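Below: one structure, written as structure tokens.
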Amino acid sequence: MSDKVVGAAKGELKCHRCAVCNGMGCPGMLPGLGGVYEGKNFQLNYKAWKNLFVQAEAEGHVKEICKIKITPKMLRCGPVTGAQENIGYYNEGDFYLPYLSNVAGAGIGLCVGDGCPDEKLKFGVAAVKQLGKKAAFFLKPYPQEKLFERIEWVKPYAEYIGIDIDSYNILTMRNLVNLERKTAGQLEEFRRHTGLPFVIKGVFTAADVELVKEVRPDVVYISNHGGRVETEVGSSGEFLANYARELKNYCGQIWVDGGVRCKQDVQTAVYYGADQVIVARPFIRGTFDDNFDEIVKKFL
């Protein structure tokens, strides 16, 4: 589908459709699909998987990576919201069902994000309900009482419920809502309230590792929000390689996202300790441009 037809049908994609989606073409595009620090962490996320593959090759382990069989169940879509301001849709609600339907049709796991206003989360819930599926839901770190209300919205459709511990510092939500940095005690209270497998998303610093050791979640989700949240400079891939072995002592699974663009990246992530790998920007573009089937082939 041509850009002109896509634009006429849905809006204008807030992405330059670079041949290589590495963050070099969209520095600072927020709102949009770019990243903070002039795209620095977005760029580092992309580079890390290539560097880690080269590192494994130098150590004589590249054949082990290439032998890793990737199945759809090892992948999940990113928990994406903000279809109007960040992607370019005319209407917020027009994104969720096509995106999640594409993903579910490929046998890939679903993730649903939270946002402001509340309709963003509710659009995701409605899409999962319509598909008759279960998803991993990731809630923003609102004050506890508001979080407990949101848990009730998503619980009937959730296989996992997690919290974005880093998104109190996300640029696109700053000054819009009251988000807070959660303590271990608050996370424990959140987990008890869900009664479902619990995910800590946004693990990206040494302090986060200490939090994981205290809380011991079912899943640790390593992420810097695709380079969109103000945190330490670095890549999710390098963080995985540095901390996966240690983190596995305190959780059941490790998930990771950030800069994953092909099957080799997924294999590299699994080799370095990931149990599931989350893909966002390519699946967003595949949905907007109506070429999802072609996009997903790059990962399997």
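Some values worked out for this structure:
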| item | result |
| --- | --- |
| Restraint check, K14/K155; K182/K298; K73/K120, Cα-Cα greater than 30 Å | K14/K155; K182/K298 |
| Estimated FRET transfer efficiency (R17, C66; beta-carbon r; R0 41 Å; 0.05) | 0.90 |
| Using θ = phi - 60° and Karplus 6.51 cos²θ - 1.76 cosθ + 1.60, couplings along region 100-114 (whole Hz; Gly, Pro as x) | 6, 5, 4, 5, 4, x, 8, x, 8, x, 9, 10, 10, x, 10 |
| Net charge contributed by nearby residues that have their C-beta within less than 13 Å of C66 (K/R +1, D/E -1) | +1 |
| Within straight-line cross-link reach of K122, aspartates and glutamates at Cα separation under 16 Å, skipping those fewer than 8 residues along the same chain | E92, D94, D114, E149, E152 |
| Virtual spin-label span in nm between A58 and A206, 7 Å along Cα→Cβ | 2.4 |
| K122 accessible area, assembled protein chains, probe 1.4 Å, Å² | 100 |
| Accessible surface of region 221-266 [probe 1.4 Å, protein heavy atoms]: carbon and sulfur percent | 37 |
| Cα→Cβ-extended label distance, 7 Å offset, between Q144 and E230, nm | 2.8 |
| Built amide H within the under 5 Å cut-off of L139, gap 5+ | G162, I163, D164 |
| Surface share of carbon and sulfur [accessible, 1.4 angstrom probe, percent] for region 27-114 | 53 |
| Nitroxide proxy distance, nm - points 7 Å out along Cα→Cβ at N51 and A126 | 4.3 |
| Difference of contour (0.36 nm per residue) and Cα-Cα distance, H193 to D118 | 25.0 nm |
| Average Cα contact separation per residue, the chain, under 8 Å, 6 or more apart, as relative contact order % | 21 |
| Amide proton proximity set for I278, modelled H, under 5 Å, gap of 5+ | R76, V256, D257 |
| 1.4 Å probe accessible area per residue over the chain, in Å² | 42 |
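The values are calculated or read from the model by the stated rules, or taken from the named source; none is laboratory data. This is a predicted model, so every value here is computed, not measured. Cβ atoms come from the backbone with ideal geometry, glycine included; neighbour counts cover every protein chain shown. Calculation scope for accessible area: heavy atoms of the full protein, side chains included, ligands and nucleic acids excluded. Shrake-Rupley method; radii C 1.70, N 1.55, O 1.52, S 1.80 Å.
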